[in-house]
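Engineer: Got a structure for you, written out below as structure tokens; questions coming shortly.
The values are calculated or read from the model by the stated rules, or taken from the named source; none is laboratory data. From a predicted model like this one, the values you see are computed outputs, not experimental measurements. Cβ sites come from the backbone with ideal geometry, for glycine too, and all protein chains shown count toward neighbours.
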Amino acid sequence: MYEYSIITENGYKRLAATDPEVGYAEVQAGSATTEADCQSVLREFFEDAKAERIYTENIQPDFTRNFKDDVYMNGSIVRTDYSAERDEALTNINSLVSAFPQYTVEQITANPQNVIGTYGNYRPPYNNNSISFYDFTKPTADTLAAYGCSEDTYGDDLLNWHGIKHDLVSGEISAKFVFTQSHGSYLSNLPTDLPTNRSIFFARIHNSDGSVSEWVDVYIISTINYMKQYCLDIGQDFPLPDDVTEQPWCFSVVYNDDTGEVNCVKAYIRHRYPDA
């Protein structure tokens, strides 16, 4: 609960309050009249400000250099991703090159922003132990075509990185293309009550036979406080255990675009290493 005072000036009402992380602010009250309304206005304002700071701190030209991401779901780490330049990534890189000899170690490590990680069948549509290689370049026309897409599939909304997923059991390869919906609409049954005033982007898996998975990631740059309430509202487990209080750089809501069913919520906690 925020302590606040009301400032009335020129017929407009502002709420003056201080958040321990953001500091002092005067917020337009709008139509808020009740205590609950005022608390809601202040909460939205300060949570938005915190989310903007998270975005600024993490989304930068070299935001995938020299780091690892711990990915949490249902209170446990389900995947750890490393910058391809890290020594810790070499085991996964060698496993990928051994199983898929079209790659070389030099190719995977050529860009220090590339990312690699292993995972199992912790969420649909993943079935087997697999390796993801995230290439931080915009997918080329040839890459898009290899998975049944064209440059028009996501148009100007296609973002400048993509994942290639390798199933170590079946040998199947799929691509995860990342996009916004700023210029078009590519999804049918988005989860309800997604937070407003947040940076949100999406990713969908395209298979080499041209089929498209119904399971979609909605990535949300938001705060622990907001996402805890969101998970409670939609009946999903909050991804972090109680003893982890570090702010994730983003969350992901995994849902089925055919049915609208939400499967899980994930949290990505980034650990940066000092540059040598």
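Engineer: Looking only at segment 1-39, which residues are touching a helix residue (DSSP H, G or I) at 6+ places or on another chain (Cβ under 7 Å) and not small (Gly, Ala, Ser)? Don't jump to the end; show me each part of the working.
Structural biologist: At the first step, the residues of segment 1-39 found to be touching a helix residue (DSSP H, G or I) at 6+ places or on another chain (Cβ under 7 Å) are 1-2, 4, 15, 17, 19, 21-22, 25, 27, 29-30, 32.
Within segment 1-39, Met1, Tyr2, Tyr4, Leu15, Asp19, Glu21, Val22, Val27 qualify.
Engineer: For segment 154-172, enumerate the residues that are within 21 Å of the chain's Cα centre (by Cα) and over 22 Å from Tyr82 (Cβ atoms).
Structural biologist: First, the residues of segment 154-172 that are within 21 Å of the chain's Cα centre (by Cα): 154-166.
The answer is Tyr154, Gly155, Asp156, Asp157, Leu158.
Engineer: Further, regarding this structure: Cβ contacts < 7 Å: first residue under 21 Å from Arg204 (Cβ atoms), restricted to segment 239-254; second residue surrounded by 24 or more Cβ atoms within 10 Å (Cβ to Cβ) and among the polar types (S, T, N, Q), any location; separation 6+ or different chain. Result?
Structural biologist: Hits for this filter: Phe251/Ser222.
Engineer: Still on this structure, I have one more. Only one residue in Asp275, Asp243 is modelled with pLDDT under 95 and more than 30 Å from Glu172 (Cβ to Cβ), so which one is that? Walk me through how you get there before you give the answer.
Structural biologist: Values: Asp243 fails: modelled with pLDDT under 95.
The match here is Asp275.
Here's the yes/no breakdown for (1) closer than 20 Å to Asp257 by Cα; (2) surrounded by 13 or more Cβ atoms within 10 Å (Cβ to Cβ); (3) not assigned by TED's automatic domain parsing to the domain that holds Asn92:
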site: Thr143; (1), (2), (3): no, yes, no
site: Ala146; (1), (2), (3): no, yes, no
site: Asp156; (1), (2), (3): no, no, no
site: Phe179; (1), (2), (3): yes, yes, no
site: Leu194; (1), (2), (3): yes, yes, no
site: Arg198; (1), (2), (3): no, yes, no
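Engineer: Kindly list the number of the only condition in (1) more than 21 Å from Tyr255 (Cβ to Cβ); (2) surrounded by fewer than 19 Cβ atoms within 10 Å (Cβ to Cβ); (3) at pLDDT 95 or above that fails for Glu214.
Structural biologist: (1) is the only condition that Glu214 fails.
Engineer: While we're looking at this one, here's another question. Answer yes or no as to whether Ala175 is crowded, with 18+ Cβ neighbours inside 10 Å, within 22 Å of the chain's Cα centre (by Cα) and over 18 Å from Ala203 (Cα atoms).
Structural biologist: Details: crowded, with 18+ Cβ neighbours inside 10 Å: yes; within 22 Å of the chain's Cα centre (by Cα): yes; over 18 Å from Ala203 (Cα atoms): no.
Criteria not met by Ala175.
Engineer: (1) over 19 Å from Asp275 (Cα atoms); (2) touching a residue at least 24 places away in the same chain (Cβ under 8 Å); (3) within 17 Å of the chain's Cα centre (by Cα); (4) assigned by TED's automatic domain parsing to the domain that holds Lys266: which one isn't true of Tyr82, the others all being true?
Structural biologist: So the condition that Tyr82 fails would be (1).
Engineer: Okay, moving on. Select the strands (runs of 3 or more DSSP E) contained entirely in segment 172-276, then report the ones holding at least 1 residues which are within 17 Å of Tyr126 (Cα to Cα) and of a type in the set (Asp, Glu).
Structural biologist: Working: elements: 173-179, 199-207, 212-221, 250-256, 262-272.
By residue number, 212-221.
Engineer: Can you tell me how many residues in segment 145-160 are free of Cβ contacts under 8 Å to residues at least 60 places away in the same chain and closer than 24 Å to Ala99 by Cβ?
Structural biologist: From segment 145-160, those free of Cβ contacts under 8 Å to residues at least 60 places away in the same chain are 145, 149-160; that's our starting set.
Right, trim to closer than 24 Å to Ala99 by Cβ and you get 145.
Matching residues across segment 145-160 total 1.
Engineer: With respect to Tyr2, is the statement that it is among the hydroxyl-bearing types (Ser, Thr, Tyr), within 18 Å of Tyr226 (Cβ to Cβ) and touching a Pro at 6+ places or on another chain (Cβ under 7 Å) true? Reasoning before the result, please.
Structural biologist: Working: among the hydroxyl-bearing types (Ser, Thr, Tyr): yes; within 18 Å of Tyr226 (Cβ to Cβ): yes; touching a Pro at 6+ places or on another chain (Cβ under 7 Å): no.
Answer is no for this residue.
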